[in-house]
Amino acid sequence: MIALHFEKINDISTNLFAKDTFDNFLLQEASLVADYALTLENTGQAISYGKVRALLSTFVQNSSADSPALPKGHIVLCAPLSYQVSLMEHASFSGDPDIIKGLILTFRFDNDNAAALTGISYQSFSLDKSIEPLWDQAIIKSFNRMDIPYQLL
């Protein structure tokens, strides 16, 4: 697991709320709080982030009309299954693919701070963590390719 602190909030908020950068990811949950709160939870039916991005974008725009800061909260995304399968086909992955439930990317917002955390959701306990560095490296490459400045924490 790695944590990335974004140096420019506008860069990550644009990619998260205005562009289709993460639209193929699945939404696990979102919770944003400003003058009022918005909470979305996955109740078993997988939904793409692209289907709720406009709703979240509207909430962010309305809540930050008087302030340049993003609302406090978090958004938890899961990589698409096709991406998970292709990552597990990597030569350095030595684990059982059936044990991996999802590749998680969590965005956290707190006033002028924005961060992303990587994680793996497992079906059950596993000593094999070979997927974790692959997922971490893939996220770092993605943010580098998008030219989003960050600091590795």
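None of the figures in this text is laboratory data; all of them are computed from the coordinates on show. From a predicted model like this one, the values you see are computed outputs, not experimental measurements.
For this structure, a couple of remarks:
- For the chain, calculated [θ]222 nm from helices alone, where every DSSP H run of n ≥ 4 adds -39500 (n - 2.57): -7500 deg cm²/dmol
- The convex hull drawn around the Cα atoms of the range 3-152, when projected onto a plane and averaged over every direction, covers 9.0 nm².
- Crossing angle, helix 131-145 versus the chain [Cα axis fit, 0-90 degrees, rounded to tens]: 40 degrees
- Prolate/oblate/rounded call for the range 27-113, Cα gyration tensor, a/c under 1.5 rounded: prolate
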